[in-house]
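To start, the structure under review is shown below, and the notes come after it.
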Amino acid sequence: VNVGYGITFISAGFPSPAEDFTELSISLDKYLIQNPAATFMAYANGKSMVQSGIHHGDILIIDRSLNPRDGDIIVALLYGEFMIKQLSIIKGTFFLVPKNSEYSPLKISDDMDFEIWGVVTYSLHKHR
């Protein structure tokens with residue numbers, strides 16, 4: 001999908017000298033998707049990740065080819081249910097950390113039916 005004409009850097013503060021470097025268009029597919037065969041999109045549901053900027057209804061870009069790292073926002077499959085959380089790895093133990101103080105982290109133990117399904121690479125939030 002190509003969007004726009006005359007795309008440039010837009011300053012969120014002072015005028016930008018980058019205005020001299022205008023592109024004719026930008027491909028959202030090329031910008032958002034690095035591994036097309038392993039990339040999926042889903043809608044965020046709920047409010048457990050609002051402090052990371054992910055809100056109910058946001059579109060998530062999920063890459064299944066990436067190896068998850070400590071601090072990544074991941075899509076996990078826990079007992080057959082998908083969830084979005086931040087992955088925290090402490091001394092080899094995985095924790096699923098919500099980014100909303102109303103929710104508590106979840107320690108993953110070996111007896112749990114758990115899988116890291118993919119890594120969230122982008123979230124798209126509607127502002128209007």
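Which FRET efficiency value, to the nearest 0.05, is calculated for A38 and S88 with the Förster distance at 30 angstrom and r the Cβ-Cβ distance?
Numbers: r = 24 Å, r/R0 = 0.79.
For R0 = 30 Å, the calculated efficiency reads 0.80.
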*Straight-line reach from K126: which lysines have a Cα under 23 Å away, not including same-chain ones fewer than 8 places off?*
K30, K47, K85, K99
*asked:* Could you give the length gained by full extension between N45 and I59, i.e. 0.36 nm per residue of separation minus their alpha carbon distance, to one decimal place?
replied: 4.1 nm
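Extension gain D70-K107, at 0.36 nm per residue separation less the Cα-Cα distance, in nm? Before the final figure, lay out the partial values.
Details: separation 37, 0.36 × 37 = 13.32 nm, distance 1.39 nm.
Taking D70 through K107 to full extension adds about 11.9 nm, to one decimal.
Over all distinct Cα pairs, what is the inverse of the mean 1/r for the range 35-124, reported as the Kirkwood hydrodynamic radius in Å?
Working: mean 1/r = 0.0757 Å⁻¹.
About 13.2 Å, per the Kirkwood formula over Cα pairs.
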*Extension gain, E81 back to L124 (0.36 nm per residue minus Cα-Cα distance, nm)*: 13.2 nm
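Please compute the net charge surrounding V50, taking Lys and Arg as +1 and Asp and Glu as -1 over other residues with Cβ under 12 Å from its Cβ.
Values: positive: K47, K99; negative: D58, E102.
Residues near V50 contribute 0 overall.
The numbers here are math on the coordinates, done by the rules we state, and not lab data. Treat the numbers as computed from the prediction; the structure is a model and nothing was measured. No Cβ is skipped: glycine too gets one built from the backbone with ideal geometry, and neighbour counts run over all protein chains shown.
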